[in-house]
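Enquirer: Next up is a structure, given as structure tokens.
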Amino acid sequence: MARPSRPRAGRGRGGRQAGSALPLTWWQHDLLLDSLEHRGTGRHVEQLSWRWCGPLDTERFTAAWQSVADRETVLRAAVDWEPWPRVVLHDRAAVEVVRHRAGGVDWDELVERDRLRGFDLRGPGPLRVTLVDDPAPAARVLLTFHHGLLDAWSVFVLLDEFYRAYLAGGALPGGERRPDIRDWARWLEHQDPGPAREFWTRTVPEGAPAVLPAAPGPDTLESGCGRAEARLSAQEAERLYRWAAAQAVPESSALQAVWAMLLYRGAGLSGPAQVGFGVTVSGRGIALEAVERLPAPMRNCLPMSVQVDPAHRLGRLLTVLRDRALDMAAYEWVSAGQIHEWTGRATGGGPLLASLVAVGSVPRPPRELRAGLADHGVRIEPLYASGAHTAFPVALLTQRGPDGSLTLTAAHDRSRMSGADAVRLVGHCARLLRELPATSAETTLAQVLAVLEGDEPPRIAQRRGSAAQRAARFRLHSIGERSDVEWIPSGS
């Protein structure tokens, strides 16, 4: 992976003192460029919200977040594009905390406005906090962050640190040394891409897989980002979980199998055919000590390519997906952009993915922190994670609710897929998931898909603009002390 050389410390934008700098990862290149091209849309911005029940000291709350920022390098990071794109680490950054009185704002409007506001990552601070008072003593908390510098796993790590700081009066107590974004950058620098290149060039199939879970359709006449939801009840979700366990596969393999079948159906295929989609990985399966406590944008998207044959048994597809995920785990630090380049897809041959399946989780604070908060009369109600809108036309996001239910969300580009078609797509997904536990060892994929017989597949509009315009991607190649910026068609 080519990387820019690191500049010396100097004065950052707006007179802030900038420290060391780190090269952007390949994944960050693409994500940050997409953010720049779609300012004001809320792309790549994720939000967590929860209810704080009990007394809330605003000064202490703000001081606790500032103490975390003073400790955690990533909260003092910014992105500088001159003389080449890189992450600049600042010595100081103020965390934005705003509190609204009860009845002063509409919650839903505030959440959407804060998402669309996005972030100017040229300055440090990829996270902000908003408080809205409920009838005392309670408040709703909204935490908004940008995927260019943080992922959800990171934010849960930071939340635990915040609670510790709040319980300590607003100052984070000292503790053992944990890795940060600089350690991750050093680890990446020392990785040999050879084995990863060999793996992906060997496992990626030839030809262009079906990559969209919908049939070609007309312009939607809509714009912006949309979300459509379907829900499996707690009983249905538990039944699915137990069924997957009985097949010796994780629940994620069941979700991916359903998505693969919807890709096959959307393309109107017959007979054996390849489909491709993205799967999210935490990026923390690497050999770096205490990586599970490392706040950094490590979450990644990797291409999953699999053959769908209606005549094959469902169990075969599940096993292939499970085994492929295990094989990919060793290379979850590699980006989809690199894989496209290694396999020749960057200049032709069709993309490996144009949709995404993301399995989310919302961990609770550790027991000792919950007990400490309870001693202060504070109870934290379960968090809700919104998931971020990505550059893909559609993504399937899943999240378990506090009651055990499973929420399926189709986050979609409304210019590509209308709200009605997104509702149809996520509804089809839910129907197939409910059907899986009723299958037997002899059930074929054709028999599973027969559940949707008579239902029209959702539609998706073609991309607008010329092929060159719509397929341009950002690539950075470092040559000694000089960096060249190139635009390479992605074919996606």
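The values are calculated or read from the model by the stated rules, or taken from the named source; none is laboratory data. Keep in mind that this is a model prediction, so the values were computed, not measured. Here the Cβ is made from the backbone with ideal geometry for all residues, glycine too, and neighbour counts use every protein chain on show. Side chains included, ligands, DNA and RNA excluded: accessible areas come from the protein's heavy atoms. Shrake-Rupley method; radii C 1.70, N 1.55, O 1.52, S 1.80 Å.
Enquirer: Label 7 Å along Cα→Cβ of Asp327; the stretch 183-214 residues with amide nitrogen under 13 Å?
Expert: 198-206, by backbone N distance to the label point.
Enquirer: Which one is right for this structure if Rg and Dmax of the Cα atoms in Å is calculated from it: (i) 22.8, 68; (ii) 25.9, 115; (iii) 23.4, 87?
Expert: Working out Rg and Dmax of the Cα atoms in Å from the coordinates points to (i).
Enquirer: Using all C-alpha to C-alpha distances in the stretch 189-248, build P(r) with 5 Å bins and read off the rounded percent in each one.
Expert: Bin by bin from 0 Å, the calculated values are 3, 10, 8, 10, 9, 13, 17, 18, 10, 1.
Enquirer: While we're here: Taking only Cα atoms, what is the 0 to 90° angle, nearest 10, from helix 251-266's long axis to the longest principal axis of the chain?
Expert: Once rounded, one gets 50 degrees.
Enquirer: Then there's this: Hey, what angle do you get for helix 193-203 against the long axis of the chain, alpha-carbon based, 0 to 90 degrees rounded to 10?
Expert: Helix 193-203 sits at roughly 30 degrees to that axis.
Enquirer: While we're on this one: Counting pairs of alpha carbon atoms under 8 Å apart in space and at least six apart in sequence, what relative contact order in percent does the stretch 176-326 give?
Expert: About 31 percent, as a whole number.
Enquirer: Something else now. Of the listed peptides 383-392, 312-321, what is their order by residue-averaged count of other C-beta atoms within 10 Å, with the highest listed first?
Expert: Working: 383-392: 20.8, 312-321: 18.7.
The peptides rank, most packed first, as 383-392, 312-321.
Enquirer: How large is the charge dipole for the chain, taken about the Cα centre, if only the Cβ atoms of Lys, Arg (+1) and Asp, Glu (-1) carry charge, to the nearest 20 debye?
Expert: The dipole magnitude comes to about 560 debye.
Enquirer: Still on this structure, I have one more. Taking only Cα atoms, what is the 0 to 90° angle, nearest 10, from helix 107-117's long axis to the longest principal axis of the chain?
Expert: The answer is roughly 90 degrees.
Enquirer: Would you mind working out the magnitude of the charge dipole of the stretch 277-351 relative to its Cα centre, with +1 at each Lys and Arg C-beta and -1 at each Asp and Glu C-beta, to the nearest 20 Debye?
Expert: Its charge dipole is roughly 200 debye.
Enquirer: Answer with one residue from Ala168, Ala244, Leu356: the one whose Cα lies farthest towards the positive end of the charge dipole of the chain, charges on Cβ with Lys, Arg +1 and Asp, Glu -1.
Expert: Checking the options against the dipole of the chain, the answer is Ala168.
Enquirer: Given a cut-off of under 8 Å on Cα pairs at least six residues apart, what relative contact order in percent is computed for the stretch 272-394?
Expert: Contact order relative to length: 30 percent.
Enquirer: Label Thr319 and Ala246 with points 7 Å out from Cα along Cα→Cβ: what is the distance between them in nm?
Expert: Result: 1.8 nm between the two label points.
Enquirer: Describe numerically, in nm with one decimal, the distance between label points set 7 Å from Cα along Cα→Cβ at Arg177 and at Glu229.
Expert: Calculated label separation equals 4.5 nm.
Enquirer: Counting Lys and Arg as +1 and Asp and Glu as -1, what is the net charge of the other residues whose Cβ lies under 12 Å from the Cβ of Val334?
Expert: Result for the neighbourhood of Val334: -3.
Enquirer: Quick one: with all protein chains in place, what share of the accessible area of the chain is carbon or sulfur, to the nearest percent (1.4 Å probe)?
Expert: Within the chain, the accessible surface is 50 percent carbon and sulfur.
Enquirer: Now for a different question. Picking from Leu449, Pro393, Leu436, whose Cα lies most toward the positive end of the charge dipole for the stretch 392-461 (charges on Cβ: Lys, Arg +1; Asp, Glu -1)?
Expert: Pro393
Enquirer: Same structure again: Please compute the contact order of the chain in relative form: average sequence separation of alpha-carbon pairs under 8 Å and at least six residues apart, divided by the residue count, as a percent.
Expert: Details: 970 pairs, mean separation 104.9, N = 492.
It comes to 21 percent, rounded to a whole number.
Enquirer: Using the Cα centre as the reference, give the magnitude of the dipole from point charges on the C-beta atoms of the stretch 311-415 (Lys, Arg: +1; Asp, Glu: -1; all else neutral), rounded to the nearest 20 debye.
Expert: Dipole magnitude for the stretch 311-415 comes out near 300 debye.
Enquirer: Still on this structure: Longest segment of the chain with no GluC sites (Glu not before Pro) in a DSSP loop having at most 13 other Cβ atoms within 10 Å?
Expert: The longest uninterrupted stretch comes out as 1-175.
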